[in-house]
Amino acid sequence: MNEKWSMPEGMTEDEARIEALRCLSCKNPRCETGCPTRMRIRDFIKEIKVNRLEEAYEIINSCSDLPYICSIVCPHERQCVGHCVLGIQSKPIDCGKLERYVVEHMNKPIKIEKRSSQKVAIIGAGPAGLSCAKELLKTGCSVEIFEAEYYIGGVLTYGIPSYRLDYTKITRIAAELEDLGAVIHFNTKLKESEIFDLKKQFDAVFISIGLTKSKQLGIPNESLPGVYDALDYLKAVNLDIKLGQGNRPQLSGTVVVIGAGNVAMDAARCARKDGAKVLVVYRRSRLEAPATKQEIKDAEAEGVIFQFLNNPVEVLGEEKVEGIKVEEMTLGAPDASGRKRPVGTGKYCTILCDSIISAIGQDPEDIYDKHVLATDHKYLVCDGLKTNIEGIYAGGDIVLGAKTVVEAMDCGRQVAKLILDNK
Ligand SMILES: Cc1cc2nc3c(=O)[nH]c(=O)nc-3n(C[C@H](O)[C@H](O)[C@H](O)COP(=O)(O)OP(=O)(O)OC[C@H]3O[C@@H](n4cnc5c(N)ncnc54)[C@H](O)[C@@H]3O)c2cc1C
Ligand code: SF4
């Protein structure tokens, strides 16, 4: 693979030991309060200090089903690293890189403790579905996964670019699950009525179908050729690079990316790596951008330009995109999200461009042909990850909204526990 699409290397043994030795092994480890799965960070770092990688690996795997993935893609600056006490005065411990170091250097077979013989159907093979499957298989349950696509991983495969997450780590998960006896039905996109049919054959069903549609911009001319939605664009790029399948659009000239979340950063960096001049247009300021500081820094280092406080109002062009009209914004009082509200100034300008990628958020797909599952704007409404129908559970983005890999994984683990406890 071309170097620009490859992931950076992890830590060497020396680098890991030096970093681990900086850790204070705090009595009340703040790093762990920042982790949605309460990973026992202090304890695994203690083991690295004395080179007991096997013990560190056991600790990590007792808290996480996708440790390699999370060690790389978690927004650490907001989670463990952002909470590390050392960060108050100097450099926090790089917990994610230390976790990656351990899981890259150890690999042990998964222990099975047979205590259940339930049959469980999992709909969707993203992080939530995969972690639920793994937890259940470890206890002897039989698991069948129904996945709309011809590959597993969900966003991990089609959304996150290869320079951030290598596909081989995802195929390793598929092999691991199949070794444990999982049956994976690919190319199987289910509707609500088909999920209810499955309920008759399985003891429990877990719906983890994520958010697979990009939000619409809602401005004139957004269907002109040359306007891409970020998920479609990233899917084409990633399946081409990771699986050699497909023909990604080779964007050239000037590309405007609308939005400043992690999806926008991925789309912007991919277009930039393909040689385009890329401008990210965002209606609030840098401070309110949902992407992590690191993602923005990485994009800027690669030459992506940011134009803050600009709100797109119209796509310009006759037969294809020729530009975008934007309104200059200022910031008002905080809105419901707690961020300062963008307020129009009435001043407009035009940005000439050849393509536009819209990355302003994701929505759920409409699978509801029976209208029995309780929903709110197509999100599943749950009471502690249980839907309104007994034996049907749900979790990950389809319940939480657009969140993170680790939160989706945590839902999968929690649902497995509910199923095993017959709750
Ligand atoms: C481009 C992008 C980059 C991101 N980067 C990060 C990051 O760096 N770090 C981070 O923590 N989070 C990141 N996120 C968010 C994170 O990926 C999601 O929160 C997480 O993947 C949600 O997991 P999930 O299992 O709920 O759903 P998904 O990952 O969306 O998986 C859902 C699966 O269900 C399948 N499916 C959908 N409908 C059906 C159906 N009807 N029948 C059968 N199968 C179906 C889909 O094909 C998919 O495989 C990113 C999101 C995007 C879009
Ligand atoms: S807060 Fe920082 S220093 Fe303290 S245990 Fe966690 S990683 Fe180590």
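Just so you know, all these numbers are worked out from the coordinates, no wet-lab data involved. Since this is a predicted model, take the numbers as computed values, not measurements. Please note: Cβ atoms are built from the backbone with ideal geometry, for glycine as well, and neighbour counts cover all protein chains shown.
I'd like to know which of Gly96, Asn28, Leu239 lies farthest towards the positive end of the charge dipole of the chain, counting +1 on Cβ of Lys and Arg and -1 on Cβ of Asp and Glu.
So the residue furthest toward the plus end is Asn28.
Which order do peptides 90-99, 169-178 fall in by mean Cβ count within 10 Å, highest first? Present the calculation step by step, with values, prior to reporting the outcome.
Working: 90-99: 20.1, 169-178: 17.1.
The peptides rank, most packed first, as 90-99, 169-178.
Can you give the charge dipole size of the range 214-362 about its Cα centre, rounded to the nearest 20 debye, using +1 on the beta carbon of Lys and Arg and -1 on the beta carbon of Asp and Glu? Kindly include the intermediate steps, with their values, before the conclusion.
Details: 19 positive and 19 negative charges, 107 e Å.
With Lys and Arg at +1 and Asp and Glu at -1, about 520 debye.
With viscosity set to 0.890 mPa s at 25 °C, what whole-number translational diffusion coefficient in µm²/s follows for the range 3-105 from Stokes-Einstein and a Kirkwood radius over Cα pairs? Please report the intermediate quantities before stating the final value.
On the way: Rh = 13.5 Å.
In µm²/s, the coefficient is 181.
What is the packing order of peptides 54-64, 189-199, 400-410, taking the mean over residues of other C-beta atoms within 10 Å and listing the highest first? Kindly include the intermediate steps, with their values, before the conclusion.
Values: 54-64: 18.8, 189-199: 16.3, 400-410: 21.1.
Packing proxy ranking, top to bottom: 400-410, 54-64, 189-199.
Considering Cα pairs under 8 angstrom that are at least six residues apart, work out the relative contact order of the chain and quote it in whole percent.
About 17 percent, as a whole number.
Just the number, please: Stokes-Einstein D of the chain in µm²/s, Kirkwood Rh from C-alpha pairs, 4 °C, 1.567 mPa s.
57 µm²/s
Over all alpha-carbon pairs in the range 214-362, figure out the percentage whose distance exceeds 22 Å.
Working: 4029 of 11026 pairs.
In whole percent, the share of Cα-Cα pairs in the range 214-362 beyond 22 Å is 37.
Taking the mean number of other Cβ atoms within 10 Å as a proxy for protection, how do you rank 117-128, 272-283 from highest to lowest? Display every interim value, and only then the final one.
Values: 117-128: 24.8, 272-283: 21.0.
Ranked by mean Cβ neighbours within 10 Å, highest first: 117-128, 272-283.
Name the lysines eligible as straight-distance cross-link partners of Lys325: C-alpha to C-alpha under 16 Å, and not fewer than 8 places from it in the same chain.
The reachable lysines, counting only those whose Cα sits under 16 Å from Lys325, are Lys347.
How many percent of DSSP beta bridges within the chain run antiparallel, rounded to 5?
Among the beta bridges of the chain, antiparallel pairing accounts for roughly 40 percent.
Name the long-range amide H neighbours of Glu314: under 5 Å, sequence gap of 5 or more, or other chain; modelled H, no Pro or chain starts.
Long-range HN contacts for Glu314: Lys325.
Loop only by DSSP, 13 or fewer other Cβ within 10 Å of the Cβ. Give me the trypsin sites (Lys or Arg not before Pro) in the range 297-357 that pass, ordered by residue number. Don't jump to the answer; show the numbers that get you there.
Working: sites: Lys297, Lys320, Lys325, Arg339, Lys340, Lys347; in loops: Lys320, Arg339.
Hits after loop and neighbour filter: Lys320.
Pairs Lys235/Lys340; Lys169/Lys200; Lys119/Lys417; Lys189/Lys242: which are spaced more than 24 Å apart, C-alpha to C-alpha? Walk me through the intermediate numbers first.
On the way: Lys235/Lys340 32 Å; Lys169/Lys200 34 Å; Lys119/Lys417 14 Å; Lys189/Lys242 22 Å.
Over 24 Å Cα-Cα: Lys235/Lys340; Lys169/Lys200.
Suppose a student asked you for the relative contact order of the range 214-362, using Cα pairs under 8 Å spaced at least 6 residues apart; what percent would you report?
32 percent
Any aspartates and glutamates with Cα under 16 Å of the Lys297 Cα? List them, leaving off those in the same chain fewer than 8 positions away.
Glu77, Asp266, Glu288
Is there a quick way to get the dipole size of the chain? I mean about its Cα centre, with the Cβ of Lys and Arg at +1 and of Asp and Glu at -1; what is the value in debye to the nearest 20?
Values: 56 positive and 60 negative charges, 237 e Å.
Here the size comes out at about 1140 debye.
Provide Rg and Dmax in Å for the range 82-223, with only Cα atoms included in the calculation.
Gyration radius and largest Cα-Cα distance of the range 82-223: 18.9, 58 Å.
Using each residue's phi in the range 38-54, evaluate 6.51 cos²θ - 1.76 cosθ + 1.60 at θ = phi - 60° and report the 3J(HN,Hα) Karplus result to the nearest Hz, with x for Gly and Pro.
6, 3, 7, 5, 4, 5, 6, 5, 4, 5, 5, 3, 9, 6, 9, 5, 4
Output the antiparallel fraction of DSSP beta bridges having both residues in the range 214-362, as a percent to the nearest 5.
Around 50 percent of the beta bridges assigned by DSSP in the range 214-362 are antiparallel ones.
List the relative contact order of the range 3-105 as a percent without decimals, with contacts defined as Cα pairs under 8 Å and 6+ residues apart. Write down the numbers at each step before the final one.
Details: 133 pairs, mean separation 34.7, N = 103.
Normalised by residue count, the contact order of the range 3-105 is 34 percent.
Which one, Cys63, Val85, Ile45, projects farthest toward the positive side of the charge dipole computed for the range 3-105 from Cβ point charges (K/R +1, D/E -1)?
Highest projection toward the positive end goes to Val85.
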